[in-house]
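Engineer: Structure in structure tokens, see below.
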Amino acid sequence: MSTQSFADRRSLEGVKPGVVVVGGLLALMWVLEIIDSASFHALDQLGIIARNIGSLPHILTAPWLHFGFPHSVPFLILGLLTWLAGPGRWLAVTLITVVTSGLTVWLIAPSNTITLGASGLVFGYLAYLLVRGFFTRNIWEIALSVAVFFFYGSILLGVLPGASGVSWQGHLGGAIGGFIAAKFLHGSDPATQRV
């Protein structure tokens, strides 16, 4: 067996856990949405209520709940592409994005609104993938950035105030989180392995 084919097989084996983890989270979101619908939206109370101290812990629950499933495909694709950077980096990007998106919503969303959903996380993965290559200066990661922008770049308009019922605050916070994660994980030295 050649070295190249072993490396290819190894990289494909590295994707399998990503499919399990990211696909498992997506399945969990679907199950939670079914439970939420069946319980007359009782789980929606685990969303983020702007500037309500008691809802601060909901920053960690809100991304896994949703009003429907509009972000399923981008969550799966961008989550898996982020996973290819390594499980530790995927986890770091996910946590940083969840926190920055949630805090942004908590700080600037309209009062007495409940915000939940995976869109902030989708924006975090997108931003991470878009800017990572510019920190690493890796030609393949830059090419991936261009491809991701080609397919998903138009959703970046979601960071601007727009449609009623859509949390541009969560989108903006998620994008900021993805940028912060890329800078933290890859910013100082392309060869640095932080996670």
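The values are calculated or read from the model by the stated rules, or taken from the named source; none is laboratory data. Everything numeric here is computed off the predicted structure, so don't read it as measured data. Here the Cβ positions follow ideal geometry from the backbone for every residue, glycine too, while neighbour counts run over all protein chains shown. Ligands, DNA and RNA are excluded from the accessible area calculation, which covers all protein heavy atoms including side chains. Shrake-Rupley method; radii C 1.70, N 1.55, O 1.52, S 1.80 Å.
Engineer: For the stretch 20-50: of the residues being over 23 Å from TRP90 (Cα atoms) and without any contact (Cβ under 8 Å) to a residue 12 or more places away in the chain, which is most open to solvent (accessible area, probe 1.4 Å)?
Structural biologist: Among those that are over 23 Å from TRP90 (Cα atoms) and without any contact (Cβ under 8 Å) to a residue 12 or more places away in the chain, it is PHE40.
Engineer: Something else: Given GLY153, GLY117, which one is part of a loop (DSSP other than H, G, I, E, B) and within 16 Å of the chain's Cα centre (by Cα)?
Structural biologist: When all the criteria are applied, what remains is GLY117.
Engineer: Looking at PHE149, is it closer than 23 Å to VAL22 by Cβ, touching a residue at least 12 places away in the same chain (Cβ under 8 Å), touching a helix residue (DSSP H, G or I) at 6+ places or on another chain (Cβ under 7 Å) and surrounded by fewer than 21 Cβ atoms within 10 Å (Cβ to Cβ)?
Structural biologist: So PHE149 fits the description; yes.
Engineer: Sticking with this structure for a sec: Just checking, does the stretch 85-94 include any residue being of a type in the set (S, T, N, Q) and under 9 Å from the mean Cα position of the chain (by Cα)?
Structural biologist: Yes, because at least one residue in the stretch 85-94 is of a type in the set (S, T, N, Q) and under 9 Å from the mean Cα position of the chain (by Cα).
Engineer: Further question: When both residues are 6+ apart or on different chains and their Cβ atoms are under 9 Å apart, which pairs have a first residue that lies in the stretch 106-132 and is without any contact (Cβ under 8 Å) to a residue 40 or more places away in the chain and of a type in the set (Val, Ile, Thr), and a second that is assigned to a loop (DSSP other than H, G, I, E, B) and surrounded by fewer than 21 Cβ atoms within 10 Å (Cβ to Cβ)?
Structural biologist: Cβ pairs passing all conditions: none.
Engineer: Here is a further query. Within the stretch 130-146, does at least one residue satisfy the condition of being in contact with a strand residue (DSSP E or B) (Cβ under 6 Å, 6 or more places away or on another chain) and buried (at least 21 other Cβ atoms within 10 Å of the Cβ)?
Structural biologist: Within the stretch 130-146, not a single residue is in contact with a strand residue (DSSP E or B) (Cβ under 6 Å, 6 or more places away or on another chain) and buried (at least 21 other Cβ atoms within 10 Å of the Cβ).
Engineer: Looking at the structure I just gave you, is ALA92 under 22 Å from VAL19 (Cβ atoms), modelled with pLDDT under 95 and assigned to a helix (DSSP H, G or I)?
Structural biologist: no
Engineer: Quickly run through the stretch 99-114 and pick out the residues that are open to solvent by less than 20 Å² (accessible area, probe 1.4 Å) and within 25 Å of ALA27 (Cβ to Cβ).
Structural biologist: SER101, GLY102, VAL105
Engineer: Still on this structure: Do the conditions hold for PRO70, that is, is it part of a loop (DSSP other than H, G, I, E, B), open to solvent by 40 Å² or more (accessible area, probe 1.4 Å) and within 19 Å of SER154 (Cα to Cα)?
Structural biologist: yes
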